[in-house]
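What follows is calculated from the coordinates using simple rules that are stated; it is not laboratory data. Just so we're clear, the structure is a prediction, and the values are computed from it rather than from any experiment. Glycine also receives a Cβ, built like all others from the backbone with ideal geometry; neighbour counts cover every protein chain displayed.
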Ligand SMILES: *Cc1c(COP(=O)(O)O)cnc(C)c1O
């Protein structure tokens, strides 16, 4: 096997610029004697409010739990009911759908646009004509904002609850304001948003971590209670909740990294711009490029009908790649009930998508070299 010259992602490299600050923060938590909740968590929540413009932020255990608690919160408040339909893109990461089914709600799968790989108003409108969906889970997949004037209008006209799965697009900025006006930053576009700080995300913790943002103080109170055994005040339980709190150790790490979000996202944007400028191969379709905050490039995903061949060729030339995601949700064993749904775009993406390296482990020179290797794919 050729040596990997261009790794896909190495988390130690990603965290290296912050390591001394992170270690100091960990020591602070160790010395504090406060190991659940406390100042670090509160500071993190304030940081996230400032970043998004949402009036409430709740640190939680991970992104899946954030989504579960938002949906369960709406159910506890009587705004969603068992069996209600929740529109969700067919090509998202499976966690989006796990949250929906875990709450006893019904996923309404909608194929994305083949250009943006995100939901469009047209697709959602078609689904609404056939299903009485009550909520829309918009997923900013690969770091591209899935929100525009048409989607917003459709959500308003149909009285949809809009939930953002913002695991992949922290810091991205939409072309129009959210349902509540004001901020155009992801996390403030719908009625509630879930964040993940899984180590590979644009801002990652040293383990699992997540958050919920919302400007709905009733929902915020429900989520906060659900994350804490369903307890609103000590030893008083209004819900049959969970223990899904954010660990102060992870909050401390995130407080170090969050202030550098625009540098991190800008770094990714520079690599994406290099790929976009340098990759020229008729066999390889590049992602629609926008040089703006609409896209924070969690992944740089090319499409080709010869995906497996391209992946092997790149590997043989020292370039590691990944696939997001190789099996569509409706083809997973646990969702066999949905295997008959016609979702041709989700199927196509799972066969043709290939993610090129786009992190701090890749320099601009590396990106240029990778682009040139891609350009030599199947040229004599
Ligand atoms: C990572 C991710 C999640 C789940 O977040 P975890 O923190 O790993 O639970 C949910 N949705 C999407 C789109 C993701 O990429």
Region 248-337: relative contact order from alpha carbon pairs under 8 Å, six or more residues apart, as a whole percent, is 20
Here, region 1-63 modelled as identical Cα point scatterers in vacuum has Debye log10 I(q)/I(0) at q = 0.16, 0.17 Å⁻¹ of -0.77, -0.83
Percent of all Cα-Cα pairs per 5 Å bin for region 101-260, counting from 0 up to the last occupied bin, reads 2, 8, 15, 19, 19, 16, 11, 6, 2, 0, 0
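Need one number: the % of Cα-Cα pairs in region 68-164 sitting beyond the 17 Å mark. Write down the numbers at each step before the final one.
On the way: 2032 of 4656 pairs.
When every Cα pair of region 68-164 is considered, 44 percent fall beyond 17 Å.
Regarding region 262-325, what's the average projected area of the Cα-atom convex hull, expressed in nm²? Working shown, then result.
Numbers: hull surface 19.5 nm².
Its Cα hull, projected and averaged over all orientations, spans 4.9 nm².
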Region 1-136: relative contact order from alpha carbon pairs under 8 Å, six or more residues apart, as a whole percent, is 17
Gyration tensor (Cα only) of region 207-248 to equivalent ellipsoid, semi-axes in Å sorted down, yields 17, 15, 7
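From the P(r) of region 165-264, can you give the percent of Cα pairs sitting at distances over 16 Å? Write down the numbers at each step before the final one.
On the way: 3090 of 4950 pairs.
Cα-Cα pairs in region 165-264 separated by more than 16 Å: 62 percent.
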Residue 11 and residue 377 label points (each 7 Å along its Cα→Cβ direction) are spaced in nm at 2.8
At 20 °C in a medium of viscosity 1.002 mPa s, region 316-355 has a Stokes-Einstein diffusion coefficient, with Rh taken as the Kirkwood radius over alpha carbon pairs, in µm² per second, of 190
Taking 114, 285 and counting other beta carbon atoms within 10 angstrom, the fewest-first order is 114, 285
Computed over the Cα atoms of region 222-380, the Rg and Dmax in Å are 21.2, 72
extent check for region 38-94: Cα max minus min per principal axis, descending, whole Å, gives 39, 29, 21
Projected onto their principal axes, the Cα atoms of region 294-380 stretch, largest extent first, over whole-Å spans of 46, 34, 21
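Suppose R0 equals 30 Å. What FRET efficiency, 1/(1 + (r/R0)^6) with r the Cβ-Cβ distance, do residue 273 and residue 149 give to the nearest 0.05? Mind showing how you got there, number by number?
Numbers: r = 26 Å, r/R0 = 0.87.
Efficiency for this residue pair is about 0.70.
Normalised by the number of residues in the chain, what is the relative contact order in percent for Cα pairs under 8 Å and 6+ residues apart? Could the numbers behind the result be given before it?
Numbers: 802 pairs, mean separation 85.8, N = 380.
Computed value for the chain: 23 percent relative contact order.
What share of the DSSP beta bridges in region 152-273 is antiparallel, in percent to the nearest 5?
Working: 9 of 12 bridges.
Antiparallel bridges make up about 75 percent of those DSSP assigns within region 152-273.
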Burial-style ranking of 128-136, 70-78, average other-beta-carbon count within 10 Å with highest first, yields 70-78, 128-136
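Only bridges whose two residues both fall in the chain count here: according to DSSP, what percent of them are antiparallel, nearest 5? Don't jump to the answer; show the numbers that get you there.
On the way: 22 of 39 bridges.
Expressed as a percentage, antiparallel bridges in the chain total about 55.
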What one gets for region 209-292 as the Kirkwood radius, inverse of mean 1/r over different Cα pairs in Å, is 16.8
Placing each pseudo-label 7 Å from Cα in the direction of the beta carbon, residue 125 and residue 42 end up separated by a distance in nanometres of 4.9
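Please compute the volume of the convex hull spanned by the alpha-carbon atoms of the chain and report it per residue in Å³. All intermediate terms of the calculation are to be shown ahead of the outcome.
Details: hull volume 52.2 nm³, N = 380.
Per-residue hull volume (Cα only) is 137 Å³.
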Computed on Cα atoms only, the convex hull of region 1-153 has an orientation-averaged projected area in nm² of 13.9
